[in-house]
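Read-outs throughout are calculated quantities, based only on the coordinates presented, and are distinct from any laboratory measurement. As the structure is a computational prediction, the values presented were derived from the model and not from experiment. Using ideal geometry, Cβ is built from the backbone for each residue, glycine included, and neighbour counts are taken over all protein chains shown.
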Amino acid sequence: MQTKSLAVAAVLSALILPAAAWDYEGHHAANELALASLPAVFPAFALTPAARDRIAFLAGEADRWRNETSMRNGTGLTLGHASGPDHYLDLEDIYGYGLTPATLPPLRYDFVAAIVQARAAHPERFPAIDPAKDADHTRELCGFLPWAITENYEKLQSDFATLAALEKFGGTPDEIANARQDIVYVMGVMGHFVGDASQPLHTTMHHHGWVGDNPNHYIRSFGFHAWIDGGFFRTTGGLDEKKLAGKIQPAKLISTAAKPDGIFHAAVNFIVAQNRLVEPLYRLDRDGKLSDQENRGAEGRAFLEAQLVKSGQLLGDLWLTAWRTAPADTFLERELQRRAAATEAR
């Protein structure tokens with residue numbers, strides 16, 4: 001697919017959005033779809049119109065952090081270094097570190113240690129990195145996406161535990177209101193990373209066009225990524241969130257949540273499943289089914305919309321599971337009880 005729209009997308013991708021997944025409209029839709037999956041018994045404060053708007057807006061927050069890295073004179077490099085790799089996992093690269101999806105360590109810095117050890121032991125496996133293209137020092141990494149999803153899930157569990165303690169053991173109205181806002185914030189932000197995981201180009205080394213041997217003649221253009229993120233949707237009529245919401249099923253508890261590292265492995269398995277769709281996505285493009293010309297993109301649209309539905313479904317399941325399985329915050333409970341006892345003693 002070599003269209004004018006793709007050329008424009010390439011320029012915008014290079015100048016503005018450093019390897020984003022789904023444009024704001026796509027991430028917004030994924031969070032809205034997740035909200036549509038939640039049961040009526042989910043905490044009501046998170047389902048008010050104002051909270052829904054906030055959660056949907058926060059779908060773009062993690063990319064707004066990354067936009068900072070486009071500024072000059074080094075501004076934003078620290079933020080890019082810290083948060084950029086959270087948006088992807090180039091799955092093919094983990095095998096060079098002697099790992100498989102099943103053996104990925106659930107702790108982020110254990111994974112970093114495995115990368116360091118593999119590079120030190122087998123430098124011949126890894127091509128040299130051009131410092132001019134590595135200002136934020138992330139080129140040695142292949143991404144932290146499943147860790148970002150899992151860490152945000154646990155933040156949400158923690159926030160639900162805090163709220164439960166405050167509501168049960170005498171938190172003030174202001175404390176309870178603030179705890180609720182914390183939950184809304186984490187729900188919205190974590191949605192971004194779940195949305196990233198459903199964009200197949202965020203699971204692969206072929207993230208900005210096909211690299212290496214190319215017997216099937218897939219597109220190599222850097223701008224392909226931006227075309228999938230939103231260029232295709234923008235030039236073919238946009239997104240219909242209400243139509244997509246009709247494909248969402250009620251949120252359910254994640255079956256592995258009670259197992260050690262169960263949420264991490266659920267995130268990895270989801271990413272692996274989307275990685276299997278990398279070549280089908282490239283074939284759609286090669287065969288003209290992601291074109292904005294002559295109404296030829298119906299099959300490509302169906303593919304991309306299905307990916308957004310997948311992320312909305314998983315996100316709703318994660319939100320519901322975090323709420324249902326949040327452990328008791330026994331430390332906060334004790335502190336609140338001490339505070340109440342001290343107040344009564346006065």
E61 to Q181: FRET efficiency via 1/(1 + (r/R0)^6), r the Cβ-Cβ distance, R0 22 Å, to the nearest 0.05?
-> 0.95
Angle between the Cα long axis of helix 24-37 and the longest principal axis of the chain, 0 to 90 degrees, nearest 10?
-> 50
If you average the sequence gap of Cα pairs under 8 Å that are 6 or more apart and divide by the length of segment 130-289, what percent do you get for the contact order?
-> 27
If you average the sequence gap of Cα pairs under 8 Å that are 6 or more apart and divide by the length of segment 4-345, what percent do you get for the contact order?
-> 31
Give the label of the value calculated from the structure for percent of Cα pairs over 36 Å apart, choosing from [x] 14; [y] 30; [z] 24.
-> [z]
In whole Å, what is the distance between the alpha-carbon centres of segment 132-206 and segment 309-346?
-> 16
